[in-house]
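Below is one structure, written out as structure tokens; the observations come after it.
The values are calculated or read from the model by the stated rules, or taken from the named source; none is laboratory data. Keep in mind it's a predicted model, so treat the numbers as computed, not measured. Cβ atoms come from the backbone with ideal geometry, glycine included; neighbour counts cover every protein chain shown.
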Amino acid sequence: MPLGRTLLSATLCLAAPAALAQALQNPGTASVEAHVVKPAPLEATEARIAGLKLPEGFRIDTFATGLGKPRVIVVAPDGALYVSDRDAGTVTRIDPAKPGEPQVVLRKKDVHGLALHEGRLFYVTVKAIYAAPLNKDGALGPETEIVADLPDAGQHPNRTIGFGPDGMLYASLGSTCNECEERNPENATMVRMKPDGSAREIVASGLRNTIGFDWQPQTKALYGWDDGVDWLGDAEQPEEFNRIEAGKKYGWPFIFGAGMKNLYREPPKGSLADWDKASERPILTWTAHASSMQMVFYDGAQFPKAYRGDAFVTMHGSWNRKPPSGYEVLRVRFENGEPRSVEPFVSGFLSEGGPSGWSRFARPFGLAVAKDGSLYLGDDQHGIIYRISYGG
């Protein structure tokens, strides 16, 4: 078997031993060929940055450097950026007038998702959610723990949070695994609660790992990008763009994408067909294994009018696909408040060449709209935040 390739196959049939009969209710056969391809890291040189592809009239510039592994970005009313670094366990404040003088305002192990609400910064670790007031100088005041019992994270510890138009705090709680039957009903869900952590409830389930989510400004509908399952081949499972609605199920771990059945798993109640019938389909999809991260709707005034109400999302980049996918920023076009299509917005971080046949000089993650209407883009490979602006 060639290095860098994993060949998987599974065959399920009704002619099973008596001890297994109860577990094998859905006959079928599947063969899967999967690849592991890890692009080699390159330096983010001026020439490479200048070679990035953006729509006409847009430009990308280096805004801040030396930030470790920046993850989630949020922008405060005064224009300052707050940036989490899960590996370092920090939240850093960046004054846009002094991007070369970042200030660490919080040290908290595994801190990741951030949200701003009524003068407070909310932040989440694997098991807990906290809130602290923003002082006039941008530092944080005394911390309050509002949730202490989030479910175990396992494979997906990157909790993200956000405040909806209803004033409730939403939290995405990823699955513990690639595909499995969870023991805690809150895993692989979107939950919401009051800002003090009370009245917690599951909004939607069957979401493997929806790191990026936001509300469309025109309709106030909640949308999110859900990362697909690994080891199903180069074309499966596509990354899903979902309209997330209360009480709905989104397929995982039994139904993937547009109706692909997971032959390896048996639903605890009913059949795979029953689960399929009860599951929502994605509104749009993108190339499998691209690994969606932070998502934001554009509500600024700097970009052309056609961009207002559209969504942007970072694609962190694949490891389980040949050729690789991701390593880019996508735009989701909306018309009259409804999603219509997905297209690249910033590309060129990935190139051919290197030991695995591919190389990259960024892994896009953080994304936020600046006070002046430009777009901040974080790269957790080189600790860089870029600024994307429109000049006409």
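Observations
- Pairs with Cβ under 6 Å, 6+ apart, first in segment 192-214 and assigned to a strand (DSSP E or B) and modelled with pLDDT under 95, second surrounded by fewer than 22 Cβ atoms within 10 Å (Cβ to Cβ) and acidic (Asp, Glu): none
- Test: residue in segment 335-343 that is modelled with pLDDT of 95 or more, basic (Lys, Arg), farther than 24 Å from ASP227 by Cβ and not in a loop (DSSP other than H, G, I, E, B): no
- Any hit, segment 284-307, residues being of a type in the set (D, E, K, R) and assigned to a helix (DSSP H, G or I): yes
- Flag for LEU67 being touching a Gly at 6+ places or on another chain (Cβ under 9 Å) and over 23 Å from VAL296 (Cα atoms): no
- If you filter segment 350-373 down to residues that are over 27 Å from PHE303 (Cα atoms) and not in a loop (DSSP other than H, G, I, E, B), you find that the one that is nearest to the chain's Cα centre (by Cα) is ARG360.
- For segment 133-161, filtering for residues that are buried (at least 18 other Cβ atoms within 10 Å of the Cβ) and within 16 Å of PRO77 (Cβ to Cβ) leaves 2.
- Among the residues of segment 202-235, those identified as of a type in the set (D, E, K, R) and closer than 25 Å to VAL74 by Cα are ARG208, ASP214, LYS220, ASP226, ASP227.
- Answer from ALA306, ALA288, ALA221, ALA278 - the residue that is under 25 Å from ALA34 (Cβ atoms) and among the aliphatic types (A, V, I, L, M): ALA288
- GLU179 vs. criteria over 22 Å from ALA148 (Cβ atoms), in a loop (DSSP other than H, G, I, E, B), modelled with pLDDT of 95 or more and not small (Gly, Ala, Ser): yes
- Restricting the search to strands (runs of 3 or more DSSP E) fully inside segment 1-77 and requiring at least 1 residues that are modelled with pLDDT of 95 or more gives 28-35, 58-64, 73-75.
- Yes/no for SER292 being in contact with a strand residue (DSSP E or B) (Cβ under 9 Å, 6 or more places away or on another chain), under 21 Å from SER172 (Cβ atoms) and surrounded by fewer than 19 Cβ atoms within 10 Å (Cβ to Cβ): no
- Among the residues of segment 104-132, those identified as part of a loop (DSSP other than H, G, I, E, B) and either within 21 Å of PRO77 (Cβ to Cβ) or free of Cβ contacts under 8 Å to residues at least 12 places away in the same chain (or both) are GLY113, GLU118, GLY119.
- Among residues of segment 309-334 being assigned to a loop (DSSP other than H, G, I, E, B) and without any contact (Cβ under 8 Å) to a residue 40 or more places away in the chain, the one that is farthest from ARG71 (Cα to Cα) is ASP310.
- Single match in GLU240, GLU236 (criterion: modelled with pLDDT of 95 or more, closer than 20 Å to SER279 by Cα, assigned to a loop (DSSP other than H, G, I, E, B) and not basic (Lys, Arg)): GLU236
- Criterion violated by SER356 - all others in (1) crowded, with 24+ Cβ neighbours inside 10 Å; (2) more than 27 Å from VAL75 (Cβ to Cβ); (3) among the polar types (S, T, N, Q) satisfied: (1)
- Near pairs, Cβ below 6 angstrom, 6+ apart or cross-chain, from segment 357-373 (touching a residue at least 60 places away in the same chain (Cβ under 8 Å)) to any residue that is surrounded by 21 or more Cβ atoms within 10 Å (Cβ to Cβ) and among the small types (Gly, Ala, Ser): PHE365/GLY378; GLY366/GLY378
- Total residues in segment 64-96, condition surrounded by fewer than 21 Cβ atoms within 10 Å (Cβ to Cβ) and aliphatic (A, V, I, L, M): 4
To keep it simple, each residue is scored yes or no on (1) closer than 22 Å to ALA115 by Cβ; (2) within 15 Å of the chain's Cα centre (by Cα).
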site	(1), (2)
LEU169	yes, no
SER172	yes, yes
THR176	no, no
GLU181	no, no
PRO185	no, no
THR189	yes, yes
LYS194	yes, no
GLY197	yes, no
GLU201	yes, no
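- The residue that is farthest from PRO185 (Cα to Cα), counting only those in segment 235-277 that are loosely packed, with under 14 Cβ neighbours inside 10 Å and among the aliphatic types (A, V, I, L, M), is ALA235.
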